[in-house]
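Colleague: I have a structure I would like to understand better, so I am pasting it below and will then ask my questions one at a time.
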Amino acid sequence: MSEIINFEQVTQWLEEYQKIDSQKQKDQLQNLIAITCMPLVKKVARTLARRSTDPVEDIIQVGSLGLIKAIRLYNPEISRNFKSYATYLITGEIRHYLRDKASMIKAPRAIQELAYRVHKMTLELIEEMGEKPTDHQIADKMELPVDKVKEAIDADRRKTTLSLDQLSFQDDDDNFSNWSDKIADVNYENLQSLREDRIMLTESLQNIEPELKKIVELTYFKDMSQVEIANTMGISQMQVSRKLKKALNLLYDIINEKQSA
């Protein structure tokens, strides 16, 4: 879903992030920025997921690591546009993940051929049923054991390769290639950190007014667009945008107070 992110606010947070000495506060601000920018990760992930059989949830998680790298490494003197820089690193992280999966041991030819037939049958059943068939439905239609169908689907996922180089970025002023050797390793433990801060975010939401709380929950927990939220709550999209900005500023102050206590 399309979502508007206030990158002006994000840029202000990034400037403050670079000035903070306390690692604890730095981590909290990093994850608040990450939560705010998750719609960007989801947009990139869903675009790439159209070319892959990998679960979009897995691709989103991997893209989150690229976002964390972008937050840590962003330098406005080199790249003036954080959205484009973050998109580049998010895409790169997903690209490496999918290429690593594609480099796994190649499946036997018989399984590759079966994977093709299963994929073709899946498309036929989607057209016939109007929805994606289950593994059992595919197996019944092809008169095969369900474990063989699952094996073929797994093999198809492993061999999936994507050509991401076709993605273009409109900000010609940003020389992203200069960053390729500067990307630090980000451990998957950072995903746990994001989950922990989601818990803190949920707790902090109890301290803001109900309307603002609902907008944050619908945006980040229900993955609704601002237009959808506006229709649900009976207010304008502009009001949603303003109230979301207000809510994020309040949450930032609340989280900072908790860390300083």
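Each reported figure results from applying straightforward, stated rules to the coordinates on display, with no laboratory input. Since this is a predicted model, take the numbers as computed values, not measurements. Ideal geometry is used to build each Cβ from the backbone, glycine not excepted, and the neighbour counts take in all protein chains shown.
Colleague: Using 1/(1 + (r/R0)^6) with R0 = 35 angstrom and r between the beta carbons of H96 and F7, what's the FRET efficiency to the nearest 0.05? List each step's numbers first, then the result.
Modeller: On the way: r = 25 Å, r/R0 = 0.72.
Step by step, r from the Cβ atoms, then E = 0.90.
Colleague: To continue, here is another question. Using a basic spin-label model with each label point 7 Å from the Cα along Cα→Cβ, how many nm lie between E16 and Q112?
Modeller: The modelled label-to-label distance comes out at 5.4 nm.
Colleague: Obtain the nm distance between the two label points defined at E203 and K245 by a simple spin-label model: each point lies 7 Å from its Cα along the Cα-to-C-beta direction.
Modeller: The two pseudo-label positions are separated by 3.0 nm.
Colleague: Per residue and in cubic angstrom, what volume does the convex hull of the Cα atoms of segment 109-159 have? Please report the intermediate quantities before stating the final value.
Modeller: Numbers: hull volume 3.2 nm³, N = 51.
In segment 109-159, the Cα hull volume divided by residue count equals 64 Å³.
Colleague: Using a cut-off of 10 Å between beta-carbons, work out the net charge of the residues near K243 (Lys and Arg +1, Asp and Glu -1, K243 not included).
Modeller: Numbers: positive: K214, R242, K245, K246; negative: E209, E211.
Its environment carries a net charge of +2.
Colleague: Dipole magnitude of segment 109-159 about its Cα centre, charges +1 at Lys/Arg Cβ and -1 at Asp/Glu Cβ only, in debye to the nearest 20? Working shown, then result.
Modeller: Details: 10 positive and 12 negative charges, 67 e Å.
For segment 109-159, the charge dipole is close to 320 debye.
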